[in-house]
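Input: a single structure, listed below in structure tokens.
Readers should treat all values here as calculations from the given coordinates under stated rules, not as data from a laboratory. Because the structure is a prediction, the values reported are computed rather than measured. Using ideal geometry, Cβ is built from the backbone for each residue, glycine included, and neighbour counts are taken over all protein chains shown.
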Amino acid sequence: MPRRQSPLQSEMVQGTLDMLILQTLVLGPAHGQTIAHAIERGSEDVLQVEHGSLYPALHRLENRVWIAAFWGTSENNRRAKYYRLTREGKRQLAVQTSRWEQVVRAIGRILNPAVEKQG
């Protein structure tokens, strides 16, 4: 069954997927498919995570030592690579979340200037 295209898929801000992966791993270790599903469910399927984006992001995060990988057995009894958040990854998540919130506020001020002036 083909996935439907997400309207935001090609418009995601650089680094957003990294932040979403890090946030997903706050809940505990997970393999790639679980991470993708968690992001999709959490966004009520507005965001669709394609393998062509997910696995390069996981490798990038692992190279930066923001996540660590280990082998385990998946729910369907197959060997799978699991990822966990590192201490440095937790720090980076805090930095990225703060930046993201600043960007959202800045865009909000531009889109709704009257609301900002009233508040």
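Seen from all sides and averaged, what is the projected area of the convex hull of the Cα atoms in the range 13-112, in nm²?
Over every viewing direction, the Cα hull of the range 13-112 projects on average to 7.0 nm².
Treat each spin label as a single point 7 Å out from the Cα along the C-beta direction, and report the VAL103 to SER53 distance in nm.
1.2
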